[in-house]
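So the structure is just underneath, and the comments pick up after that.
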Amino acid sequence: MPLSRLNNEQNLAAIAPLGHNLIIASAGTGKTSTIVARIAYLIQKGVHPSNILLLTFTNKAAAEMVERVSVFFGKAITSQIEAGTFHAVSYRLLKKLGHKIVLKQPKDLKILLKSIVERRRFDQIESSAKPYSAAYLYDIFSLYQNSTISLSFSDWLAENDSEHGAYFDIYEDIFEEFCELKKEFGYVDFNDLLIFMREALKSTHEISYDEILIDEYQDTNTLQGSLIDAFESKSLFCVGDYDQSIYAFNGANIDIIGSFATRYDDAQVFTLNKNYRSSNKILSLANRVIEKNPRLYEKRLEVTRNGEFEPPKLLIYDELFYQYQAISSMIKVSTCHQDDIAVIFRNNSSADGIEATLREQGLTCKRKGGTSFFDAYEVKAMLDLISVVVNPKDMMAFIHVFEYAKGVGSSLSKELFDALFKLGEGNIYQGFFHPKSVDELFKKRAKNHQLGLFDDIHDFGSVSRFYNLGFEETFLSNPILKHPRLNTDGAKFLHHFYKFMKHSTRIKNPQTFVNHVLSSEVFSAIAEILATKRVIKKDGSVDENEKQEARGRIFRKGHLLKDLALGYASNERFLNALTLGSNEMSEGEGVNLLSVHASKGLEFKEVYVIDLMDGRFPNRKLMQKGGSLEEERRLFYVATTRAKDMLYLSYAKYDKIKKISYIHSPFLVEAGLAH
């Protein structure tokens with residue numbers, strides 16, 4: 001059994017009585033083994049696996065833990081454990097309760113929000129501050145939802161960005177309309193999943209657990225904390241490390257782990273101190289720095305690895321780019337396998353230089369958090385085309401597709417969707433092929449200068465302007481073509497989309513559907529636009545051979561998507577699986593280039609932490625925007641404790657491009673490597 005493999009500290013935590021247990025699991029101390037042993041212990045003591053809930057920050061982590069428990073009890077038993085991220089678990093439970101959910105990625109909903117923002121006029125408002133862009137407005141609203149459950153959006157903004165006070169009423173009204181649209185079409189984003197789940201728990205007794213286990217507890221935000229509370233479980237097993245709390249920028253609330261011992265009367269705090277990852281000298285350096293932060297709970301990491309290891313080395317360079325070249329040269333002659341080497345940086349701008357110099361050396365590398373397969377425009381377009389057929393109410397997918405129609409922006413796309421929705425009585429497929437008579441097809445908004453709303457009057461245009469384009473009579477007779485702002489290019493694209501929809505509704509197999517997308521005129525038009533954009537030269541010329549190669553790469557991604565569709569019984573399951581899991585896709589082989597945040601939870605034999613200059617690490621700009629030196633110090637701690645055998649810390653004195661001189665990071669002084 002797993003308990004037999006634990007040290008004494010881990011064992012005491014794993015067999016703790018049901019109640020409120022906090023396990024402080026420092027870097028490399030075997031937290032996963034402890035969680036696995038705890039689950040096994042619960043099952044062995046008679047807790048039914050369906051009464052165990054495991055919440056993690058990646059679905060991969062949850063699957064690995066359950067798999068390790070399966071070795072002892074079999075998959076028939078462990079498959080009954082409810083395990084996954086806060087979002088994945090909430091999605092499954094809401095579906096179980098009968099909620100109809102159309103889960104959308106933030107990038108998609110930003111386009112919907114943009115279509116609302118574009119209809120507002122901010123230039124009539126007197127303010128020294130520029131209004132937020134739609135994308136930033138979405139992000140800051142998401143941060144607001146993660147950060148508080150008691151304040152209104154305006155009150156929260158007043159505390160965090162009072163300069164925008166003149167726009168608060170407009171922002172509130174934008175999100176009121178945004179939320180109404182999401183509700184109308186059943187759209188749910190990741191925050192909505194948690195909010196809906198929290199509210200559902202208040203009105204149902206169908207869902208309860210004997211114990212809830214929470215991994216990476218230090219990263220929970222206020223919204224996630226409120227969801228944990230809503231489950232009202234009498235037993236929590238929370239595993240985390242306050243020294244690795246590095247997601248404050250995303251709403252993570254360190255007070256949740258910090259107040260655990262005082263929030264629960266029966267709270268017990270266990271500490272795992274034995275480090276199985278790093279050498280003594282690496283761990284000693286990390287401890288010297290992190291001890292400068294306030295100690296929320298007492299702990300002291302102990303080394304368990306025996307043997308002789310090199311001490312961490314400080315590398316100093318006269319110039320920034322020379323630093324990258326020198327480190328790339330060191331990596332080239334390293335005896336360590338490239339997959340077991342990581343270059344870790346505080347700012348993404350650092351990655352470009354190191355990536356370029358590694359390529360110069362002929363070394364392969366991968367950037368965690370870079371453009372993934374699912375972020376490619378062509379892949380997103382294919383999934384949107386599938387989504388709008390699977391769910392004809394999916395306005396977001398429609399708007400996203402019509403981004404590629406010349407002369408059709410987000411605002412007009414939304415108006416076209418609204419019109420088809422009316423014509424089809426809630427179904428755009430019916431709006432295309434069986435349109436009903438509608439009195440007021442194109443909606444008008446009333447004036448309200450305070451909320452940025454002004455006249456937006458539509459007059460019907462003549463369909464005769466499209467008669468020479470070769471459209472069939474059934475398409476020409478559709479009232480949608482009377483929109484006055486629909487130009488010839490937009491009408492052609494709409495016709496491509498019309499033909500795609502016409503032959504799509506009967507296709508139920510995901511692989512067949514992807515094939516249909518790839519052979520459609522609408523996707524061919526999208527591929528043409530993307531291929532042209534990728535090869536166009538500064539003088540505006542296009543090499544046709546290069547464009548055809550670009551088109552080939554686009555369609556190769558389509559065939560990879562087709563391969564991914566194998567094994568899914570329905571288009572809906574295929575879409576939902578990709579939406580929930582696309583962010584965890586593997587990104588190739590080679591040297592690992594990682595931001596500190598992306599490195600969390602990983603370990604490597606050889607680690608380079610670069611650009612350790614004051615201003616860059618710690619990042620003084622972010623500190624001025626609400627960060628803190630304590631948070632930056634925790635980031636340094638996380639970066640250094642990724643190293644198992646060898647740790648290199650480097651900085652440069654000068655940037656010849658920006659003509660900036662640097663001094664070393666204060667963390668190097670705290671580490672005893674600089675003065």
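Descriptive notes on the structure:
- The length gained by stretching the chain between residue 180 and residue 32 to full extension, at 0.36 nm per residue less their Cα-Cα distance, is 49.1 nm.
- Summarising the amide proton neighbourhood of residue 264: residues at separation of 5 or more, or on other chains, whose placed amide H is nearer than 5 Å comprise an empty set.
- Computed E for residue 92/residue 3 - FRET, C-beta separation, R0 35 angstrom, nearest 0.05: 0.75
- Among 171-183, 515-527, sorting by the average number of other beta carbon atoms lying within 10 angstrom of each residue, highest first, gives 515-527, 171-183.
- The modelled label-to-label distance for the pair residue 231/residue 306, using points 7 Å beyond Cα in the direction of Cβ, is 4.1 nm.
- Gained length - residue 621 relative to residue 473, 0.36 nm times residue gap less alpha-carbon distance: 47.2 nm
- Accessible surface calculations at 1.4 Å, restricted to protein heavy atoms, place region 112-250 at 42 Å² per residue.
- The simple Förster model, with R0 at 35 Å and r as the Cβ-Cβ distance, assigns residue 118 and residue 556 a FRET efficiency of 0.50.
- Of the accessible area of the chain, computed with a 1.4 Å probe over protein heavy atoms only, carbon and sulfur atoms account for 49 percent.
- When each of 110/436; 274/600; 380/499; 114/436; 621/656; 281/600 is checked by Cα-Cα distance, pairs over 24 Å: 110/436; 114/436
- One Cα centroid belongs to region 204-222, the other to region 82-128; the line between them spans 23 Å.
- Considering only 203, 550, 133, and ranking their Cα positions along the charge dipole of the chain that arises from unit charges at the beta-carbon of Lys, Arg, Asp and Glu, the one farthest toward the positive end is 550.
- Spin-label model, residue 60/residue 570: points 7 Å from Cα along the beta carbon direction are separated by 2.9 nm.
- Karplus-derived 3J(HN,Hα) values for region 641-649, using 6.51 cos²θ - 1.76 cosθ + 1.60 with θ = phi - 60°, are 7, 7, 7, 9, 10, 9, 10, 10, 10 Hz; glycine and proline are entered as x.
- Summed over the residues of region 261-302 and divided among them, the accessible surface reaches 53 Å² per residue at a probe radius of 1.4 Å.
- The distance linking region 315-381 with region 18-75 is 35 Å (Cα centroid to Cα centroid, whole angstrom).
- When peptides 268-278, 325-335 are ranked by their average number of other Cβ atoms within 10 Å per residue, the highest-first order is 268-278, 325-335.
- In the chain, Cα pairs under 8 Å separated by at least six residues give a relative contact order of 18 percent.
- Farthest toward the positive end of the dipole of the chain, out of 143, 10, 433, is the Cα of 433, where the dipole comes from beta carbon charges about the Cα centre.
- Evaluated at q = 0.10 Å⁻¹, the base-10 log of the normalised Debye intensity for region 259-401, with identical point scatterers placed on the Cα atoms, takes the values -0.70.
- Global geometry of region 625-674, whether rounded, prolate or oblate, following the gyration tensor of its Cα atoms and the 1.5 cut on a/c: oblate
- Label positions at residue 295 and residue 330, each projected 7 Å from the Cα along the C-beta direction, are separated by 3.2 nm.
- For residue 547, the shell of other residues with beta-carbons less than 9 Å away shows a net charge of -3, using +1 for Lys and Arg and -1 for Asp and Glu.
- In this structure, residue 127 and residue 151 have a Cβ-Cβ separation that, at R0 = 22 Å, corresponds to a calculated FRET efficiency of about 0.50.
- Seen from residue 10, the other residues with C-beta closer than 12 Å to its C-beta sum to a net charge of +3, counting Lys and Arg as +1 and Asp and Glu as -1.
The values are calculated or read from the model by the stated rules, or taken from the named source; none is laboratory data. All figures in this text were calculated on a predicted structure; none of them were measured in a lab. For neighbour counting, all protein chains shown are included, and Cβ atoms are generated from backbone atoms with ideal geometry for every residue, glycine included. The accessibility values were calculated without ligands, DNA or RNA, using every heavy atom of the protein model including side chains. Shrake-Rupley method; radii C 1.70, N 1.55, O 1.52, S 1.80 Å.
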